[in-house]
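Worksheet for the structure shown next.
The values are calculated or read from the model by the stated rules, or taken from the named source; none is laboratory data. Predicted model only: the values in this text are computed from it and were never measured. Ideal geometry is used to build each Cβ from the backbone, glycine not excepted, and the neighbour counts take in all protein chains shown. Just the protein is used for accessible areas: all its heavy atoms, side chains included, with ligands, DNA and RNA removed. Shrake-Rupley method; radii C 1.70, N 1.55, O 1.52, S 1.80 Å.
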Amino acid sequence: MSKVVGIICEYNPFHLGHKYQIDKIREEMPDAKIAAIMSGNTVQRGEFAILDKHKRAEIALLNGVDLVLEMPFPYSSSTAEIFASAGVEIASKIGCSYLYFGTENCDIHYLEAIASAIGTREFESALKKHLQNKRMSHIIAKERALFDMGFDKSMLPNDMLGVEYIRAIRKKKAKITPCAISRVGAGYNDKGECEIMSASAIRDYFYNNNNSFISVPKKAMPIYKNAQKEKSILSIKKAYDFLHRIALVIPRQRLDTAFDSTPEIGALIKDSANSSKNGEEFFKKLTSKSFTYARVRRALIYAVYDVKAIDKAPKFAFLLGANENGRAILNNVKKEKFTILTKHSDAKNLDEEATYIMNLSYEANKLYNTLLEEAKPLDDVYKILPIIK
């Protein structure tokens, strides 16, 4: 079997930068099969995807990916460490030899050195010192600790995620080679307009400019336009208003004890909800110097589903789509060690813990269906089959 390359992604939405990455992989490994391990409808920064997972999978297949698997919730919405660990676990189970990721700092040796430094006594001591500043977020403290150890380059979110991929590969002793591709175009959080815009900039442009998609591949545009016609795009207003109402009524203790939350985060969410008249106002208030915006949003999402721990690797992934090469990848998966779910009835092969995670994913997808511009039937989450080309 030819080499299998893994990409851990969100494609929220799939844009020209993602197409560039896939084309670059094809250029470097012409005969490789490419598997995308993608977040479902709830993504890593504690947000709902602008386009549902099936449409994003179809777009990926049209633009050079051979196989699209869904990383189940709540792994898909977790911290960089857990998100990376879950993605690497799935990549390992389906036989990936390489894992490609985009970073601002494309020096793989530098990223590997940071991966070696994190977790050492020197790093932990420096991190503890910076965390004594209660107004400093964990991410900033982490970067400062690395500066103390002589790492003099700023680490942007994709750099840190790349480091976590490397750490996960090492922890699992996975036979996977990490490969960095330099990001092109706008930065991770850059909201400016240019030829290759960031995913967050594209989402902002869509919601603020008469629902127009820009900086996306031509092959993707018909799917985006059809989604607009069907009104099957996430309504950001519905999402914000729903989460605001939930934050108003959810018990404070549940906010405090949600996974990766703290009493301070619980208080921030509750106080922001009680002092806001609508969802938009609520989300504008969810800011803190001590916690990243993404961490606060994730805590709220976890509280919705009463998620208090995420401590084991996923034992399954949902199949979203595959072409002939993608099916060849699946044929080599050892079914006794990992389950690929193609339909709901496949759950009979799962143990109790994995069944709980599967049901949690389905519940998250039902909620997502209600937050689209025109809500979809809830039982669609059980009925839509993978895209097979």
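Scanning the stretch 150-178 for residues that are modelled with pLDDT of 95 or more and part of a loop (DSSP other than H, G, I, E, B) returns 173, 174, 175, 176. Checking each residue in the stretch 208-229 for being open to solvent by less than 60 Å² (accessible area, probe 1.4 Å) and either in a helix (DSSP H, G or I) or of a type in the set (D, E, K, R) (or both) picks out 221, 223, 224, 227, 228. In the set 279, 321, only one residue is open to solvent by less than 50 Å² (accessible area, probe 1.4 Å) and over 22 Å from the mean Cα position of the chain (by Cα); that residue is 279. Taking the conditions (1) touching an Asp or Glu at 6+ places or on another chain (Cβ under 6 Å); (2) part of a helix (DSSP H, G or I); (3) open to solvent by 30 Å² or more (accessible area, probe 1.4 Å) in turn, residue 326 satisfies each one other than (3).
The helices (runs of 4 or more DSSP H) found entirely in the stretch 43-126 that carry 3 or more residues being within 18 Å of residue 33 (Cβ to Cβ) are 53-62, 80-93.
In this structure, is residue 312 part of a loop (DSSP other than H, G, I, E, B), modelled with pLDDT under 95, open to solvent by 30 Å² or more (accessible area, probe 1.4 Å) and out of contact with any His (no Cβ under 6 Å at 6 or more places or on another chain)? Yes, satisfied. Of all the residues in the stretch 118-153, those that are in contact (Cβ under 8 Å) with a residue 60 or more places away in the chain and farther than 26 Å from residue 108 by Cβ number 4.
Residue pairs whose Cβ atoms lie under 8 Å apart, sitting 6 or more positions apart in sequence or on different chains, and linking a residue in the stretch 298-322 that is closer than 30 Å to residue 64 by Cβ to a partner that is among the acidic types (Asp, Glu) and open to solvent by 10 Å² or more (accessible area, probe 1.4 Å), are 313/89; 314/89; 315/351; 315/353; 321/58. Only residues that are open to solvent by 70 Å² or more (accessible area, probe 1.4 Å) and part of a loop (DSSP other than H, G, I, E, B) were counted across the stretch 230-273, and they come to 2.
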